[in-house]
Amino acid sequence: PPRSRPGATCASVPACPAPCSPVPVLTLPPELDLCSYPSGYALHRLGQRTLYPWQVQSMDALDAPQSRVALRTCNESGKTSVVVASLVAWHMEMFAHSLTITTAGVSRQVRDQLYPHLQRHAARTGAFEISPGMLRGHCQHSGSRLVSFTADDPGLAEGWHFAHDPTRYGDGNPLASVGVSDAEWAALAGHAEDTSLLIIIDEAKSVPAGIFDALLARCRPTRMLVCSSPGEPLGPFFDAFHGESRLWPTQIVVPASSCDHLWADPVRRRELDELEAAKGRDNSLVMSSIYAEFSTAIAGGLFDMIRVDMCMGGQGPRYGRGERYGALDISGGGDEQVLFVRDGNEAWMAGVWTERDDRRLVSLVIAKCEELKVTADNLCADAGGMGAIILNEFDRRRWHVQRIDFGAQARNSRWYANCRCEMYSELADRIKRQEIRL
């Protein structure tokens, strides 16, 4: 629908001789009004012949300030060539003095996928300049800037740091490692403070958690898109659809069936069907490339991470309330010492310390156990390394804690090499059956 924009009022003009009624609401011409939306801009300004519904949804969800979009797609869906490239061009041209930052897990996603499309858009519109060698862009009439970098750039390890500061973008120049001068950063940040900051993380499954978190939490973007084909069930991109989903109000999943150029084309469809027939529906490649689903396990891993996430979300039945049990993970200080408590099939983190004084640590644990009605007989702890020394202090307090030696013989030694293997395997099985609430 056409977007109505309020006009100025006399109260906004300093030299206004007398108060008067507000100017009537102004309505833009339909074609110009459509271009103010990302999807309309892609169609009418950039000349995209058609857009899939999911592309319209994912782009237009970023029209509103403070928007967060997580987009998970099958392979070759057009997320970079259509969605990301259109959003970058729209943001640069529509928001004066704005700043757009893009990154990806690998350099080819930026240099070989995104920037060729941006160059075509620049040639069509004549509105901005793109420098693929420097991974920069500039819009002449809006004064906006584009800065891109790749997460596999070794300079980022030292350059991407944000100090705590009351201003929006922190102290110092976080883009120094990718060639942005201090003066340029100051100008960019100063302008963007009053306009819009768009951050796009492409192939987000491969972006290190530190960069992901810094961009989201410390930059505080006006608009943010994270997009990728899915991979293993771990990391910040996986969390955007699971444990941290509350931070991403708009979540979009795009299987191949949502892309006509893949699903309706007989040749491409046959290729997809043959891949699934050869490897099976549960194969991680098929799940990711065709159905846009995360694999259920980490390669070589024991746990079904989808089920782990469900258990950590408190899903599954609650039963067995009554006698409580505790488990203490011990360290010598510096590292965390963690106490978990279980009541029936529900367990929670009851205490976390970094106590270097053994006696004080034991006092804290005993006090917490007494508070939660966990007796010494029902408390176990690992007896390896520093654990044995600290457990001796429990004995001196006449708190005879059950000692767990992970290297000891398993109860079922036919199947398990040691106690650790047996305990982890049993835990993984219980989580698969969703018998545990964490």
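The values are calculated or read from the model by the stated rules, or taken from the named source; none is laboratory data. Because the structure is predicted, anything quoted here is derived from the model rather than measured. Every residue, glycine among them, receives a Cβ derived from its backbone with ideal geometry; neighbour counts consider all protein chains shown. For accessibility, only protein heavy atoms count, side chains too; no ligands or nucleic acids. Shrake-Rupley method; radii C 1.70, N 1.55, O 1.52, S 1.80 Å.
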Exercise. Could you list, in sequence order, the residues of region 391-408 that are open to solvent by 90 Å² or more (accessible area, probe 1.4 Å) and under 11 Å from L328 (Cβ atoms)?
Worked result: Q402, R403
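Return the residues of region 312-370 that are within 18 Å of I436 (Cβ to Cβ) and of a type in the set (S, T, N, Q); say none if nothing qualifies. Walk me through how you get there before you give the answer.
Looking only at region 312-370, we keep the residues that are within 18 Å of I436 (Cβ to Cβ), and these are 312-327, 329, 338-350.
Once the filter is applied, which keeps residues that are within 18 Å of I436 (Cβ to Cβ) and of a type in the set (S, T, N, Q), region 312-370 yields Q315, N345.
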Exercise. Consider E203 against the criteria (1) of a type in the set (D, E, K, R); (2) at pLDDT 75 or above; (3) closer than 23 Å to F237 by Cβ; (4) open to solvent by 50 Å² or more (accessible area, probe 1.4 Å): it satisfies all of them except one. Which criterion is unmet?
Worked result: (4)
Problem set entry | Selected residue (criterion: farthest from E293 (Cα to Cα)) from residues of region 206-227 that are open to solvent by 30 Å² or more (accessible area, probe 1.4 Å) and part of a helix (DSSP H, G or I) | R218
For this session: Just give me the residues in region 217-241 being touching a Ser or Thr at 6+ places or on another chain (Cβ under 9 Å) and either more than 24 Å from W90 (Cα to Cα) or small (G, A, S) (or both), in sequence order.
Result: S228, S229, P230, G231, E232, P233, G235, F237, D239
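Counting just the residues of region 335-364 that are open to solvent by less than 30 Å² (accessible area, probe 1.4 Å) and over 30 Å from the mean Cα position of the chain (by Cα), which one comes out farthest from M386 (Cα to Cα)? Give the derivation first.
Filtering region 335-364 down to residues open to solvent by less than 30 Å² (accessible area, probe 1.4 Å) leaves 337-339, 341, 343-345, 347, 350-351, 361-362.
Now restrict to residues that are over 30 Å from the mean Cα position of the chain (by Cα): 343-344, 361-362.
On the way: D343: 28, G344: 30, L361: 13, V362: 13 Å.
Per the criteria, the residue is G344.
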Exercise. Given the residues D382, D377, D358, which is the only one that is acidic (D, E) and within 21 Å of S425 (Cα to Cα)?
Worked result: D382
Exercise. Given (1) open to solvent by 30 Å² or more (accessible area, probe 1.4 Å); (2) of a type in the set (S, T, Y); (3) in contact with a strand residue (DSSP E or B) (Cβ under 8 Å, 6 or more places away or on another chain), where does Y37 come up short, assuming only one miss?
Worked result: (3)
Exercise. Taking only pairs six or more apart or across chains, which ones have beta-carbon atoms under 7 Å, a first residue in region 55-70 that is farther than 13 Å from S86 by Cα and among the basic types (K, R), and a second residue that is open to solvent by less than 10 Å² (accessible area, probe 1.4 Å) and not in a loop (DSSP other than H, G, I, E, B)?
Worked result: R68/M224
Exercise. Restricted to region 112-135, and to residues that are closer than 20 Å to C35 by Cβ and among the small types (G, A, S), which residue is surrounded by the most Cβ atoms within 10 Å (Cβ to Cβ)?
Worked result: A122
Exercise. Is it true that some residue in region 317-334 is under 28 Å from the mean Cα position of the chain (by Cα) and closer than 25 Å to V374 by Cβ?
Worked result: no
Exercise. Got a sec? Which of A388, A367 is modelled with pLDDT of 95 or more and surrounded by fewer than 16 Cβ atoms within 10 Å (Cβ to Cβ)?
Worked result: A367
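Residue by residue through region 243-268, note down the ones that are open to solvent by 50 Å² or more (accessible area, probe 1.4 Å), more than 17 Å from K79 (Cβ to Cβ) and under 13 Å from the mean Cα position of the chain (by Cα).
Quick first cut of region 243-268, residues open to solvent by 50 Å² or more (accessible area, probe 1.4 Å) only: 244, 246-247, 249, 251, 253, 257, 260-261, 263-268.
Pick out the ones that are also more than 17 Å from K79 (Cβ to Cβ) and you get 244, 246-247, 249, 264-267.
Within region 243-268, E244, R246, L247, P249 qualify.
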For this session: Residue by residue through region 269-311, note down the ones that are assigned to a helix (DSSP H, G or I), free of Cβ contacts under 8 Å to residues at least 24 places away in the same chain and open to solvent by less than 60 Å² (accessible area, probe 1.4 Å).
Result: L272, L275, E276, V286
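Would you mention how many residues in region 228-245 are among the hydroxyl-bearing types (S, T, Y), under 24 Å from Q113 (Cα atoms) and not in a loop (DSSP other than H, G, I, E, B)? Can you show your working first?
If we filter region 228-245 for residues that are among the hydroxyl-bearing types (S, T, Y), which is where we start, we get 228-229, 245.
Filter once more, so that each one left must be under 24 Å from Q113 (Cα atoms): 228-229.
This time we only want the ones that are not in a loop (DSSP other than H, G, I, E, B), so: 228.
Within region 228-245, residues that are among the hydroxyl-bearing types (S, T, Y), under 24 Å from Q113 (Cα atoms) and not in a loop (DSSP other than H, G, I, E, B) number 1.
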For this session: Could you tell me whether region 320-327 includes any residue that is open to solvent by less than 50 Å² (accessible area, probe 1.4 Å), at pLDDT 90 or above, aliphatic (A, V, I, L, M) and in contact with a helix residue (DSSP H, G or I) (Cβ under 8 Å, 6 or more places away or on another chain)?
Result: no
